[in-house]
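Report on one structure; see the data block that follows.
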Amino acid sequence: MNFRKLADDIMKGDRKSAARLISLVEDEEEGCGEAMKLLYEHARGVPVLGITGPPGVGKSTIVLEIAKRMRAQGMKLGIVAIDPTSPITGGAILGDRIRMTELFADPGVFIRSMGSRGGSGGLSSQAGSVVRILDALGCDTIIVETVGAGQTQVDIMGMADTIVVVTMPGTGDEVQSIKAGLLEIADIYVVNKCDLTGAMRTVSDIRSMLDLVEDWHGWKPPVLQTNAREGKGISELFDSIQKHHAFAGDSEHLASRKKAQLRRELQELVSRDITRKIFDNIGMKELDDMLCSMLERKSSPYSEAERMTAELVRKKHVTAR
Amino acid sequence: MQMPRKIRVMIAKPGLDGHDRGAKVVARALRDAGMEVIYTGLHQTPEQIVQAALQEDVDAIGLSCLSGAHDVLFPRVMELIKENGMDVLVTAGGIIPKEDLPMLKKSGIAAVFGPGTAIEEIVKFHREHIKQRT
């Protein structure tokens, strides 16, 4: 694989090359780093819009409606839609595209579905690189749709400049389930399917929780009602998103937020690299022996991990000399 | 100990028929075999299918058609795949008369899985026929 050529072709706007590099990055193919280095310099850091919320609330339909509005303004768009990977088989059904079929043949839109694979926070651990690839391809805005079911699936925070949390009325203690995790990360709240009974109740529940926060540092999240399938409330949502983009672009918090994101990414890349270096040198049999000995309590995961990292560091010293 | 790469398959419904039970069963089976399956939904044009497959960089496309229009739609998909210079395994399923098989094979479709095909056979076919990336 010629990674340099792949990167060059992506920067020239070749969609097929972008699609291929995304696959290679997802599979953690060796050598991807070379292409990503080139693309990082070329990427402009375009706005990333994160859409999250529990399954079935209408995230994909909202993405479609927002995307249509952005296209009407002539923006080129990247959409990354993440669905859960089965922890048992490693397989996944990626079905977000079903709601976006009108965009399939639009040359100004690039849609990529991803399984969450190893990522635990509702996001694939490779999603950051995918956003950069689409940026380098020439997308003006990138929308990332993730599943945010529980209280801790808030990884989208580490990537998006604007975060929209979508919920819907009539799901009982929905508000309870989102208040600890998702509530803290939303820049904009959306109560979708607002034609259902109980919509006002859900809106006021969220508003009253937001009222408990004393200082919003210049941006208090609005709580909007939409009926995405009918296109209702989408203009207001779109306005809010643009307002927040403008606010976030000026905000002095932005640099520190970006730095925190980069730090997280750096840590992840380093730990992935180290893990790979260690495990590449271990055979199946050796690993199995190690696991058996842990099972029999002759050794422990703690001692083995210590030994393995120490060995890697020692090897580094030897080669350095 | 390099992890084996993940196989990505798109299951697509070209044309106007609304019967996707079979497509969903196949999608589910491939998922359970550890593959990532992208389902496009109903009523897709060949152009939409091929554009989606290009963006998703899938290793294989499974076309399902029960309306009888496969003799027009499938070859059109194959044509667009060639036009875009894509290297992708294409299989088909649905209600497809025997006499159409030679024409479909000739257009480049690797296999046709009619009603009654064992799920294991479809999984096995994909495992064996998906090539290494070049």
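Summary table
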| quantity | calculated |
| --- | --- |
| Number of positions in the range A:15-52 that are in a loop (DSSP other than H, G, I, E, B) and more than 26 Å from A:THR146 (Cα to Cα) | 2 |
| Any chance A:GLU26 is within 14 Å of another protein chain (Cβ to nearest Cβ), farther than 12 Å from A:LEU134 by Cβ, out of contact with any helix residue (DSSP H, G or I) (no Cβ under 7 Å at 6 or more places or on another chain) and crowded, with 23+ Cβ neighbours inside 10 Å | yes |
| Pairs where the first residue, in the range B:100-123, is aromatic (Phe, Trp, Tyr) and the second is surrounded by 15 or more Cβ atoms within 10 Å (Cβ to Cβ), C-beta under 6 Å, 6+ apart | B:PHE113/B:GLY93; B:PHE113/B:ILE122 |
| Among (1) away from every other protein chain (no Cβ under 13 Å); (2) more than 17 Å from B:GLN48 (Cα to Cα); (3) basic (Lys, Arg), the one test that A:ARG117 misses | (1) |
| Meets criteria (under 16 Å from the mean Cα position of the chain (by Cα), more than 9 Å from every other protein chain (Cβ to nearest Cβ), open to solvent by less than 10 Å² (accessible area, probe 1.4 Å) and of a type outside the set (S, T, N, Q)) for A:GLY45 | no |
| Restricting the range A:79-113 to residues that are of a type in the set (A, V, I, L, M) and farther than 19 Å from A:THR146 by Cβ, the residue that is farthest from the other protein chains (Cβ to nearest Cβ) | A:ILE88 |
| The range A:64-114, residues that are open to solvent by less than 60 Å² (accessible area, probe 1.4 Å), free of Cβ contacts under 8 Å to residues at least 24 places away in the same chain, part of a loop (DSSP other than H, G, I, E, B) and β-branched (Val, Ile, Thr) | A:THR89 |
| Qualifying residue in the range B:10-24 (condition: within 16 Å of A:GLY115 (Cα to Cα) and either among the β-branched types (Val, Ile, Thr) or not in a loop (DSSP other than H, G, I, E, B) (or both)) | yes |
| Selected residue (criterion: farthest from the other protein chains (Cβ to nearest Cβ)) from residues of the range B:8-38 that are among the basic types (Lys, Arg) and surrounded by 22 or more Cβ atoms within 10 Å (Cβ to Cβ) | B:LYS13 |
| Subset of the range A:1-23 (residues that are out of contact with any Asp or Glu (no Cβ under 6 Å at 6 or more places or on another chain), within 14 Å of chain B (Cβ to nearest Cβ) and open to solvent by 10 Å² or more (accessible area, probe 1.4 Å)) | A:MET1, A:ASN2, A:LYS5, A:LEU6, A:ASP9, A:GLY13, A:ASP14, A:ARG15, A:LYS16 |
| Residue satisfying all of: in the range B:35-48; assigned to a loop (DSSP other than H, G, I, E, B) and not hydrophobic (A, V, I, L, M, F, W, C); farthest from A:ILE22 (Cα to Cα) among these | B:HIS43 |
| Enumeration of residues in the range B:49-72 that are surrounded by 21 or more Cβ atoms within 10 Å (Cβ to Cβ) and in a helix (DSSP H, G or I) | B:ILE49, B:VAL50, B:GLN51, B:ALA52, B:ALA53, B:LEU54, B:GLN55, B:GLU56, B:HIS70 |
| Residues of the range A:187-199 satisfying the condition of being in a loop (DSSP other than H, G, I, E, B) and open to solvent by less than 10 Å² (accessible area, probe 1.4 Å) | A:ASN192 |
| Considering residues of the range B:39-48 that are touching a Leu at 6+ places or on another chain (Cβ under 8 Å) and open to solvent by less than 60 Å² (accessible area, probe 1.4 Å) only, the residue nearest to the other protein chains (Cβ to nearest Cβ) | B:TYR39 |
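The values are calculated or read from the model by the stated rules, or taken from the named source; none is laboratory data. Small disclaimer: the values here were computed from a predicted structure and weren't measured. Note that each Cβ is placed from the backbone with ideal geometry, even for glycine, and that neighbours are counted across all protein chains shown. These accessible areas exclude ligands, DNA and RNA; they are computed on the full protein's heavy atoms, side chains included. Shrake-Rupley method; radii C 1.70, N 1.55, O 1.52, S 1.80 Å.
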